[in-house]
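The values are calculated or read from the model by the stated rules, or taken from the named source; none is laboratory data. None of these values were measured; they are calculated from a predicted model. Glycine gets a Cβ as well: all are built from the backbone with ideal geometry, and neighbour counts include every protein chain shown. The area values use the complete protein model at the heavy-atom level, side chains included, leaving out ligands, DNA and RNA. Shrake-Rupley method; radii C 1.70, N 1.55, O 1.52, S 1.80 Å.
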Amino acid sequence: MSAAAPAKTALSPARRALLKMGLARDIDLALHLPLRYEDETRIRRIADTRDGEAVQVEGTVLHSEIMPGARRQLRVLLDDGSDTLELRFFTFYPSHLKALAEGAQVRVRGEMRSGLAGRQMLHPAFQPAGGPLPEALTPVYPTVAQLPQAYLRRAVQSGLEHADLAETLPSDAPPPTVLHGQNGLQRLWSLRDALYFLHHPAPDVALAALEDRSHPAWQRLKAEELLAQQLSQLQSKRERARLRAPPLQAQAGRGAQALHEQLLAALPFALTAAQRRVGEEIARDLARPVPMHRLLQGDVGAGKTVVAALAATLCIDAGWQCALMAPTEILAQQHFGKLTGWLEPLLARRGQRVAWLAGGQKKKERAEMLALVESGEAALVVGTHAVIEQQVRFRRLALAVIDEQHRFGVAQRLALRAKMREGLAAGPPQGDAAPSGGSDPRGGRAWGASVSEPHLLMMSATPIPRTLAMSYYADLDVSTLDELPPGRTPVVTRLVADSRRDEVVARIAGQLAQGRQVYWVCPLIEESEAVDLVNATATHAALAEALPGVTVGLLHSRMPAAEKKAVMAQFTEGRMGVLVSTTVIEVGVDVPNASLMVIEHAERFGLSQLHQLRGRVGRGAAASACVLLYSTGDAGRLGETARERLRAMAETGDGFEIARRDLAIRGPGEFLGARQSGAPLLRFADLATDTALLEWARALAPRMLDAHPELARRHVERWLGGKSEYLKA
Ligand code: ADP
Ligand code: MG
């Protein structure tokens, strides 16, 4: 019995620290690479060393004594014939005194310091002189407090010796082009050689090549890592391709009756070429019996909503339900308004409705909406994440659209998938009539058994930079709206110091005089909603006073939903000149008559957030501007990244360029945000510099999965272990 005592209590603190760092398997340890190296391969002459150098010397102890006083210390004077060196220890044991006694020959290692009193080393490592010297540099690994470097070194060494480092690259894999180098085609290192080298490099290595990771050993590791990422994403993509989804094809014989054509005819504008193209991409996906997994990206104002509406009509035309979900109630409300405006008259003729679901809804309205969704009378369901709540029962959901998908967390995305499957269990529609339910022999179990999930269309106004799309998002199909609707004038962006607020207010008056409308956004201070509110309220009061006779509205996150709705309605309908708001208007709000956006404390906003906010103006034909009011605060100057963000805003209006700069400023970890929380980010490869390796991995992955599935499986297992599940969210 006692032999089965829980292993946990038997774990030493160091072992536990190892596990906490994710260093569980031999291969994990082998892939834990040094932060830097120490050179213990050489003995230096004391006279040749410089201040600050980490060195190793050998000499004879001339003198050793304990200095008395408040801080007892041991001082040892060492001589190697070229010069002398003083060693100091503030903590020491009898063993120190013995090993460092006068006349002893010792080897010491530490950082050289030279002061007025000559050369010194504090707490050097020491051992008897004359022992063998290591042949390789000594690795220094990233570690934590509970994990001594020496313990970690032994663990890594053991991992390296026991891990399965057998080659997983197929022998016919082409070498990455980056290795063609100046010296012609270079042999791709094996993983084993690369790891042994990186853990114990020869002392004559060019340290610069190790530091900037251009060394062939590093290239091999980065190539391996990127390949693992590509393989696992491709695997999940292929798994999805094996699932079934209802093919949404326009039914023959409906012709001009189809909702799709009716909507196209009813739109007050012609689609842009980009909208037509992505519309076709989506239609092709929907017609297939495999769930779509597509991201529609397009800069703010590119016109994603109408593309979503057209996809919805294809779904409805095929006799199914479509759900559209947005991250905030205001945004969902806008979609609802727009979609009902376009579709409700058309749907009404077929006895169908658009349903609305949101958190702040009255009980009675909610019950009514839930009934519409359940009966299938609601062909389209629009709302916030209330759309995926437990009580919601879709009659026959076949398409889910998520707007601003990056704003939803992993948990919500998983809930959506579960809900989506549930919504298919009832079975396919029966011809033109509303389906008769699960009792139908074609419905219920038979269908539920083979179908896995509906089609998914995600939308985002934060374009994913190309390298990210190729790596972290490789499991998605991406459609891009790269063209704005005609007649837009570019938004002029100005940086204005907060001390010049008065000029900005004068500018507002000018816009209002031309019948335009103005947004004024106050920052969100995460820790204190109360302070925000005070700021927004004060700004609101000041503007109302400075602009007599103008309706100045206030919108903030703590207002009741009904009040928010009323304020938004006033602004949308043009009955309000200035809208002061905390960041609740951030996403998707569409008021084409608004021509000026003022952002207060712009230095506190993230780059993509600023770009989103700026996208609220410039939606009509009027020349529009965005004023970024910044305050240097007590420091008297802006921080480096704040300055970079504001500069980027002033220099470009292109969402892709903004996203690229955002990536450069923040790095992929933050950029990916919720999508990848808990997911392994790339440890070794750097998407900014390793695009050639990324291309190589991308080309190799499908060939490897097809021709060498077992090698592919071992490769992914080696790098990701059990961690590849995250991709499925
Ligand atoms: P976003 O891509 O940011 O979600 P929206 O879908 O809100 O953009 O569209 C922005 C505005 O452009 C809306 O007023 C929309 O009706 C309008 N719009 C969309 N497509 C076109 C088009 N092809 N021509 C003219 N206006 C369009
Ligand atoms: Mg939008």
**Message:** Considering only the range 556-577, I want to know if a residue exists there that is away from ligand 1 (no atom under 16 Å from the Cβ) and in a strand (DSSP E or B).
**Reply:** no
**Item:** the range 301-318 residues that are under 22 Å from H611 (Cα atoms) and open to solvent by 10 Å² or more (accessible area, probe 1.4 Å), paired with ones that are among the hydrophobic types (A, V, I, L, M, F, W, C) and within 11 Å of ligand 1 (Cβ to nearest atom) (beta carbon under 7 Å, 6 or more apart)
**Value:** G301/L484; G303/L481; K304/L296; K304/M459; K304/L481
**Prompt:** On the given criteria, is M576 modelled with pLDDT of 85 or more and within 16 Å of ligand 2 (Cβ to nearest atom)?
**Reply:** no
**Asked** In this structure, is V156 in the same structural domain as H200 (by TED's automatic domain parsing), closer than 30 Å to K20 by Cα and at pLDDT below 95?
**Response** no
**Request:** Of the numbered conditions (1) under 27 Å from S236 (Cα atoms); (2) within 16 Å of ligand 1 (Cβ to nearest atom), R284 fails exactly one; give the number of that condition.
**Result:** (2)
**Request:** Report the residue count in the range 297-331 for those that are modelled with pLDDT of 90 or more and more than 9 Å from ligand 2 (Cβ to nearest atom).
**Result:** 20
**Request:** Under 6 Å between Cβ atoms, at least 6 apart or on separate chains: pull out the pairs that start in the range 359-381 with a residue that is over 21 Å from G319 (Cβ atoms) and end on any residue that is part of a helix (DSSP H, G or I).
**Result:** G359/A386; G360/A561
**Request:** Only residues that are of a type outside the set (A, V, I, L, M, F, W, C), touching a residue at least 12 places away in the same chain (Cβ under 8 Å) and open to solvent by 40 Å² or more (accessible area, probe 1.4 Å): list them for the range 501-513, please.
**Result:** R501, R507
**Request:** Scan the range 464-491 for residues that are within 16 Å of ligand 1 (Cβ to nearest atom) and either of a type in the set (D, E) or at pLDDT below 75 (or both) and jot them down.
**Result:** D482, E483
**Message:** Just to be sure I understand the filter: pairs with C-beta atoms under 9 Å, separated by 6 or more residues or on different chains, first member in the range 264-276 and open to solvent by 70 Å² or more (accessible area, probe 1.4 Å), second member near ligand 1 (Cβ under 6 Å from one of its atoms) and among the β-branched types (V, I, T). Which pairs pass?
**Reply:** F269/V306
**Prompt:** When only residues in the range 287-315 that are farther than 30 Å from A562 by Cβ and in a helix (DSSP H, G or I) count, which is nearest to ligand 1 (Cβ to nearest atom)?
**Reply:** V307
**Residue count for the range 324-379, restricted to those that are in contact with a helix residue (DSSP H, G or I) (Cβ under 8 Å, 6 or more places away or on another chain), of a type in the set (F, W, Y) and part of a helix (DSSP H, G or I)** = 1
**Request:** Taking only the range 63-94 into account, find how many residues are open to solvent by 70 Å² or more (accessible area, probe 1.4 Å) and either within 53 Å of the chain's Cα centre (by Cα) or more than 23 Å from G130 (Cα to Cα) (or both).
**Result:** 7
**Residues (more than 16 Å from V491 (Cβ to Cβ), among the hydrophobic types (A, V, I, L, M, F, W, C) and loosely packed, with under 14 Cβ neighbours inside 10 Å) located in the range 616-657** = A635
